[in-house]
Amino acid sequence: MGATGFLQGQAMQEPKVDSDGSVWWGNLAEYAEDVEEGTDPHLANFEAIKRWARRVIGIEGLAGAVWRKIAKEGTDPQPFIEPGVEASEQWFAARGLDVYYEDRL
């Protein structure tokens, strides 16, 4: 889990089913795609990096090194949506959508 658990808390717990039968699942956090796919080099919010370093690494003083790494190299992908989608697809393929809804009725 990340620094705050916010990203995990923004995951759509229930898949959404459109009238055409399409099933949607994902995450509502505005930075979810950046975590999933990684980012190009950019100037990150230094205060946010300090909070992250304090919570995750336990040493706020390392925030500068993290900030410089992101500015020079960007961030690496940390896939969590696509693996979840793949696992859900396998579950539905093995059981069917009807089984999912039977458990909730």
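Coordinate-derived values only; no laboratory data. A quick note: this is a predicted structure, and the numbers were derived from the prediction, not measured. Please note: Cβ atoms are built from the backbone with ideal geometry, for glycine as well, and neighbour counts cover all protein chains shown.
Dipole magnitude for region 33-102: about 700 debye, using +1 per Lys or Arg Cβ and -1 per Asp or Glu Cβ, origin at the Cα centre.
Relative contact order for region 33-102 using alpha-carbon pairs under 8 Å, separation at least 6, rounded to a whole percent? It would help to have the intermediate numbers written out before the result.
Numbers: 65 pairs, mean separation 28.1, N = 70.
For region 33-102, the relative contact order is 40 percent.
Rounded to the nearest 0.05, the FRET efficiency derived from the C-beta distance between E82 and I59 at R0 = 41 Å is 0.85. A simple spin-label model places pseudo-atoms 7 Å from Cα toward Cβ; at K72 and A29 they are separated by 2.6 nm.
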